[in-house]
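Trainee: Before I ask anything, let me first share the structure, which is written out below as structure tokens.
What follows is calculated from the coordinates using simple rules that are stated; it is not laboratory data. Every value quoted in this text rests on a predicted model; they were computed, and no experiment measured them. Heads up, the Cβs are rebuilt from the backbone with ideal geometry, glycines too, and the neighbour counts pull from every protein chain shown.
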Amino acid sequence: IAPVYLSFQIVIILNKKVRVDDMFSELIGLYVGDGDFSAKKSPHVSFINIDRDVIVFIYKMFKESFGLTQDNMTFMINYSVGDSNELKEKWSKILSITRDIKLRKSVRNRNEALLIQINSKIFSDLFRDLIRHLLPIIGNTERLRRGFLRGYFSADGGMGVKKDPKILNLEH
């Protein structure tokens, strides 16, 4: 019997316009503080956090701002203790998602954290470019700057700016 090969493509349809307001600036601040900038050419955008409200906000903003759906995302719970089925059920309810949630159990995780990953190289490039282009505008607009700082402080919890060249350069 000859093998059968299937191919499929993930399609992401984005909103035509993105409203840049203080809430969107907060999303940018959260991502700069806690998002994954480790791989400049990463094929996905990923964000992980232990705070339920932050995760709900990030998920809501990616859906509303860009028109993304849960089908464009992967969800993973990183945990060390607890029942895997209860954790999946809990996060499915919190985010109102029907997709399967992956699990990663490790004794290194002190607190349960949820990872949201948007699986698109094109979206990844677009989102990182959007951040780079918006940072000067955010820095020069009081309302946007306040939103950014709310997000950044919520994610990072501190005042320091990361200077690692592998991370997005915040200097203009």
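Trainee: Calculate the FRET efficiency for residue 70 and residue 129 from the Cβ-Cβ distance with a Förster distance of 25 Å, rounded to the nearest 0.05.
Mentor: Numbers: r = 24 Å, r/R0 = 0.97.
Efficiency at R0 = 25 Å is approximately 0.55.
Trainee: Pull out the extension gain between residue 42 and residue 97, defined as 0.36 nm times the separation in residues minus the alpha carbon to alpha carbon distance; nm, one decimal. The partial results should precede the final answer.
Mentor: Details: separation 55, 0.36 × 55 = 19.80 nm, distance 2.50 nm.
Contour length minus Cα-Cα distance gives 17.3 nm.
Trainee: Straight distance only, please: which aspartates and glutamates reach the Cα of residue 88 with their own Cα at less than 19 Å, same-chain residues fewer than 8 apart left out?
Mentor: Answer for residue 88, where 19 Å is the Cα cut-off: 51, 53, 71, 100, 112, listed by chain and number.
Trainee: Which of the aspartates and glutamates could be linked to residue 105 by a straight reach, that is with a Cα gap under 17 Å, when you skip same-chain ones fewer than 8 residues away?
Mentor: Once the sequence-local aspartates and glutamates are set aside, what remains near residue 105 is 83, 86, 89.
Trainee: Related question: Which pairs, out of 16/60; 63/90; 16/121; 90/121, put more than 22 Å between their alpha-carbon atoms? Mind showing how you got there, number by number?
Mentor: Numbers: 16/60 18 Å; 63/90 20 Å; 16/121 18 Å; 90/121 30 Å.
Going by Cα-Cα distance, 90/121 fall outside the 22 Å limit.
Trainee: How do the peptides 133-139, 115-121 rank, highest first, by the average count of neighbouring beta carbon atoms within 10 Å per residue?
Mentor: The densest-packed peptide leads the list: 115-121, 133-139.
Trainee: Can you give me the distance in nm between label points at residue 80 and residue 17, each placed 7 Å from the Cα along the Cα-to-Cβ direction?
Mentor: That separation, rounded to one decimal, is 4.8 nm.
Trainee: Separate question: Mind listing the long-range amide H neighbours of residue 67? Cut-off is under 5 Å, sequence gap 5 or more, other chains count too, H placed in the peptide plane at 1.01 Å from N.
Mentor: The answer is 15.
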